[in-house]
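Laboratory data are not the source of any read-out in this text; all were calculated from the coordinates shown. Please read these numbers as outputs of a predicted model, since none were measured by experiment. Cβ sites come from the backbone with ideal geometry, for glycine too, and all protein chains shown count toward neighbours.
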Amino acid sequence: MNDRVILLVEDNRDDEELTLRALAKSNISNRVVVARDGVEALDYLFRRGDHALRPASEVPQVILLDLKLPKLDGLEVLRAVRAHDDTKLLPVVILTSSIEDRDLLEGYGLGANSYIRKPVDFTQFVDAVRQLGLYWLVLNQPVPRR
């Protein structure tokens, strides 16, 4: 089993399915853990609630983070990730349909590693996800685990 987990934080089921299809079409076989709101994402990352029994060794290689989320928005999730010693170095890619410049500026200001606007066209989206996977899951050297 591939131990390089992707955490997909996405509340829209259609966008979730689209992302999963794009990953599969790009031959990215990593296990994808889906969190459908900001609280669930932080519960997974910090091993709380339904994720309290998650093995400590199961750390996402990359977080794909939508911004418009229920309960806690993506920027608040990013803020919490960067504030905690155990997660502050995890790669976070904002994957959103937001076209607001303030979201882009705030995302980078809070420490996002990348900001990608979701293309509307599926072919473009598959290409963006393929490139994402190639970089973050193959080329990028992850931070060594303690």
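Laid out as a table, the results:
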{"item": "Anisotropy class of segment 1-84 from Cα gyration tensor, a/c 1.5 cut", "result": "oblate"}
{"item": "Computed label-point distance, nm, for sites Lys71 and Ala24 using a 7 Å Cα→Cβ extension", "result": "2.6 nm"}
{"item": "Arg47 paired with Asn140, simple spin-label distance in nm, labels 7 Å along Cα-to-beta-carbon", "result": "2.3 nm"}
{"item": "Lysine pair count for the chain [Cα-Cα under 22 Å; pairs on different chains or 8 or more apart]", "result": "5"}
{"item": "Per-residue [θ]222 nm for the chain (sum of -39500 (n - 2.57) over DSSP H runs n ≥ 4, rounded to 500)", "result": "-11000 deg cm²/dmol"}
{"item": "Label-point gap, in nm, between Arg102 and Arg117 - each point 7 angstrom along Cα→Cβ", "result": "1.7 nm"}
